[in-house]
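Chemist: Below is the structure I would like to discuss, written out as structure tokens.
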Amino acid sequence: MAADARGVRQLRRREYDESDVRIRPGRGSRPRTKNRPQHADAEGAMVVSVDRGRWGCVLGRDPDRPVVAMRARELGRTPIVVGDNVDLVGDLSGKPDTLARIVRVAERSTVLRRTADDTDPFERIVVANAQQLLIVVALADPPPRTGLVERALIAAYAGGLEPILCLTKSDLADPAAFVSAFEGLDLRVVIAGVEDPLDSVHELLEGKLTALIGHSGVGKSTLVNRLIPDADRAVGTVSGVGKGRHTSTQSIAFPLPGDDGWVVDTPGIRSFGLAHISPDDVIGAFADLAVAIEDCPRGCTHLGPPADPECALDELPVPHERVAAVRRLLTALASNDPY
């Protein structure tokens, strides 16, 4: 009996060879790769809305080709905001309940950032790649605040955007006094009261991506609806992304009718923190002043006497109004007042 059992075991052993052996490599020697899909067939798009992990995009910046997308896993927590240029793969049909994937985010040419206040280290990117910032201010009801405009100007200059001051409710007050506070900055100013024609505004926005900011109640949404009658700002949804949320809490890009320009309507702001911006960032936006501050002593805040008695800006052969206007911006930056 024992001999028979030994014979069976020997027969089974003869049925195996080295090809039957499986050796699992240890963790340290297991081959790994960092290669990622190239997504050569990805199609370019612009982000026009963001809502809870879903991004509304338009393929080729064409508003008639909307797509809803999610962020691809390989991007991790890469921030994606309105105005970003992205590459998409997956279902690009734009049909209901379809979802594409964002696999790349292009380098940004400009960034409009703000913080909750001047002590908050966390930057919030409001809009990417905008060429212009339209700062909407009511001349009355509510009364205009130079502080908000100065802070918005600082953010625009530091982020590479061209600022434009847009004044509403012009039927209630004369704009001259308010505009005079910004002499010396070469700041463009347009009037956009409800009775004013918008031809000059349309001309400035044509072919550009323009972000709009302003306090609640200044007429910003009214302006958007005049520029884009189909915007339906109060309850509208863009690219199927809105899910019942009141859209005034989110930035949304709208195409200008009959033009390739886009307008980004941002939520009404209560404050505009600038914790991420330094005085040199502001001066750097003015080519004729940026070279001069290279001769300033270390630690110079460029505010002039008595704080900075050796500031090189005081030696420049430029109009006093220009240096004074920039120093008002620097004072607003140093004030630690988010309003």
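The values are calculated or read from the model by the stated rules, or taken from the named source; none is laboratory data. From a predicted model like this one, the values you see are computed outputs, not experimental measurements. With ideal geometry, Cβ positions are generated from the backbone for all residues, glycine too; neighbour counts draw on all protein chains shown. Side chains are part of the model used for accessible areas, which takes the heavy atoms of the whole protein and leaves out ligands, DNA and RNA. Shrake-Rupley method; radii C 1.70, N 1.55, O 1.52, S 1.80 Å.
Chemist: Could you give the length gained by full extension between A40 and S335, i.e. 0.36 nm per residue of separation minus their alpha carbon distance, to one decimal place?
Modeler: 101.2 nm
Chemist: For segment 116-219, what's the relative contact order in percent, using C-alpha pairs closer than 8 Å and at least 6 residues apart?
Modeler: 39
Chemist: Between D64 and E206, what FRET efficiency follows from the Cβ-Cβ distance if R0 is 22 Å, with the result rounded to 0.05? Let's see the in-between values first.
Modeler: Numbers: r = 19 Å, r/R0 = 0.87.
Approximately 0.70, to the nearest 0.05.
Chemist: Using a ≥ b ≥ c from the Cα gyration tensor of segment 57-184 (square roots of the eigenvalues), is it rounded, prolate or oblate, where a/c under 1.5 gives rounded and otherwise the larger of a/b and b/c decides, a/b for prolate?
Modeler: It comes out prolate by the Cα gyration axes.
Chemist: What's the carbon and sulfur percent of segment 152-210's accessible surface, probe 1.4 angstrom, rounded to a whole number?
Modeler: Exposed carbon and sulfur together represent 48 percent of the surface.
Chemist: Shape verdict for segment 84-153, please, from the Cα gyration tensor: rounded (a/c under 1.5), prolate (a/b greater than b/c) or oblate. Working shown, then result.
Modeler: Working: a/c = 2.86, a/b = 2.10, b/c = 1.36.
Since a/c reaches 1.5 and a/b is larger than b/c, the shape of segment 84-153 is classed as prolate.
Chemist: For an R0 of 45 angstrom, estimate the FRET efficiency from the Cβ-Cβ distance between T222 and R298 and round to the nearest 0.05.
Modeler: Values: r = 49 Å, r/R0 = 1.08.
Approximately 0.40, to the nearest 0.05.
Chemist: Please list, in order, the residues from segment 174-198 whose amide nitrogen is less than 19 Å from a point placed 7 Å along the Cα→Cβ vector of L316.
Modeler: Counting backbone N atoms under 19 Å from the label point, the list is 181-188.
Chemist: Could you tell me the convex hull volume per residue, in Å³, taken over the Cα atoms of segment 258-339? Walk me through the numbers before you get to the answer.
Modeler: Details: hull volume 12.7 nm³, N = 82.
For segment 258-339, the hull spanned by Cα atoms encloses 155 Å³ per residue.
Chemist: Taking R0 as 45 Å, what's the FRET efficiency between A324 and R73 from their Cβ-Cβ distance, rounded to 0.05?
Modeler: 0.30
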